[in-house]
1. Can you tell me the order of 264-273, 313-322 when each peptide is scored by its average per-residue count of other Cβ atoms within 10 angstrom, highest first?
2. Please identify which residues in region 437-453 have an amide N closer than 18 Å to a label point set 7 Å out from the Cα of ILE147, following the Cα→Cβ vector.
3. R0 = 22 Å: FRET efficiency of ILE435 with LEU215, Cβ-based, nearest 0.05?
4. I need the phi-derived Karplus couplings for region 8-19: 6.51 cos²θ - 1.76 cosθ + 1.60, θ = phi - 60°, integer Hz, Gly and Pro marked x.
5. Report the FRET efficiency, 1/(1 + (r/R0)^6), for ASP82 and TRP359, where r is their Cβ-Cβ distance and R0 is 30 Å, rounded to 0.05.
6. Contour minus end-to-end for VAL131 and ILE155, with contour as 0.36 nm per residue of separation and end-to-end as the Cα-Cα distance?
7. In what sequence, highest mean first, do 210-223, 175-188 appear when ranked by Cβ atoms within 10 angstrom?
8. Which peptide among 47-53, 284-290 comes first, and what is the full order, when sorted by highest mean count of other Cβ atoms within 10 Å?
Amino acid sequence: MMDVKSVLEILVLLVGFYMAWNIGANDVSNAMGTSVGSGALTLKKAVFIAAILEFSGAFFVGSNVSHTMQSGLIDTSLFINDPMTLILGMCAALLGTSVWIQIASYFGWPVSTTHAIVGAILGFGAFIGGVDAILWQEVGSIALSWIVSPLISAIISYCIFIFLQKKILFAMNPTQATIRLMPLFVFIVFATFTLSLIFNGLANLHLSITFPQALCIAILIGAAGALITRLIVRRVPVPTGHERSQLLPQSAISLNKAIKHLQRVRATSESVVHEKVRDILKDVTSLSELAKQQTHTIGLSSEYQSVEKMFVYLQIFSASFVAFAHGANDVANAIGPVAAVLEIIKTGSVQATALIPPWLLALGGIGIVIGLATWGWRVIETIGKKLTELTPTRGFSAEFGAATTILIASKLGLPISTTHCLVGAVLGVGLARGIQALNLSMLKDVILSWIVTIPASAGMAILFFYLLRYIFIKGPIL
């Protein structure tokens, strides 16, 4: 018969692996959802790339030290004289979080793993110490991030895609405009993600790099990327006039403006002028409808396929950075509670910090990869296809907008969710094409899942705590 310590160690490792599996099925899928939805990557290629980068980020750059209660959500002094309660409580919190995330993944809801863990810990803490044991200020900040992070991501992604529309997609010669602006986009993306990697992805290596030094490194890498890109895109053939569409997207915009002006003239004119303007307005309206139809299917033309193809590589690169950064930051934090519980089991007392051994990081990385490969397609389908239709230009706008929001929020110390940022970014890109471009029914389901995440995780954590407490304290162990 196994002793109590051995049973608890096996239990927490199984729960930790189950948690990592669910993170892979839901959270990691966000990074690759836009790339799959836009057609930049197939599902198999997305899983392969994410597996390598997530595991690399978790194993090589993952955090080595994790506070027992990193977010400071509950008063840890409650457990000094009762370490067993903390062990069972953390196991219950991880189980409650995992079960809720699995339910959300089944329905394809992209929920926040961070918020789910917070909800589970709050439920456990309130059950043990009452509402006074909860640090409400931190909870308020997390609730505020529900609104702030997706809103900022939506605004940034909306502005990026509007810029792409005006300067490239609606240009007189989209291919030529792309060739001219692509080096600039590469410079911005490489520089931004280099800064993000240094201050977020590589922060756990404790490198002594100041902001001016990091900025210089980012500029050099961005400039190198832009130079290489310029040499490559110069070889892309530019279509001649007869190879291009007769009605370009800007034609639809101009005709729509003309209709509004003619309507004003008709409203203020009389007799002969009124009749003539009415006839002209009918012709212009008919032409406008024709332009809109052609604009809707413009992506089928070879020229616009060439433009989207050039953005495929930029989107894959941005998705890869998001995946690596997620592995470096969030995976180790998910494994942190497991390390804390193992340390308590080993020493018999509550420790302020707990070292995360490499083998535990590897276990978390493997769990995430398996979760992404087995169930990740459900959330990938929601992010990439069900919220709004994505193309490489739209997918790039969403990913870069979300990544920029994550970088800014991290530097400002705002509690944000990668999931919420990416969903908000996808919605922002959809809104740039009009509210009709959004799947409002799916959006309602996603927002509802966000709202119920904390109470659902809290309730499940309390139920699992009851069960574990009965097994290990009141009832037989085996």
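No value in this document is a laboratory result; all are computed from the given coordinates. Every value quoted in this text rests on a predicted model; they were computed, and no experiment measured them. Every residue, glycine among them, receives a Cβ derived from its backbone with ideal geometry; neighbour counts consider all protein chains shown.
1. Details: 264-273: 10.9, 313-322: 23.0.
Packing proxy ranking, top to bottom: 313-322, 264-273.
2. Counting backbone N atoms under 18 Å from the label point, the list is 447-453.
3. Details: r = 39 Å, r/R0 = 1.77.
After rounding to 0.05, the efficiency reads 0.05.
4. Taking θ as phi minus 60°, the curve returns 5, 5, 5, 4, 5, 5, 5, 5, x, 5, 4, 5 Hz for region 8-19.
5. Details: r = 29 Å, r/R0 = 0.96.
The calculated FRET efficiency here is 0.55.
6. Values: separation 24, 0.36 × 24 = 8.64 nm, distance 3.63 nm.
Extending this stretch completely gives an extra 5.0 nm.
7. Values: 210-223: 14.4, 175-188: 19.7.
So the order, starting with the most tightly packed, is 175-188, 210-223.
8. Working: 47-53: 20.9, 284-290: 15.1.
Packing proxy ranking, top to bottom: 47-53, 284-290.
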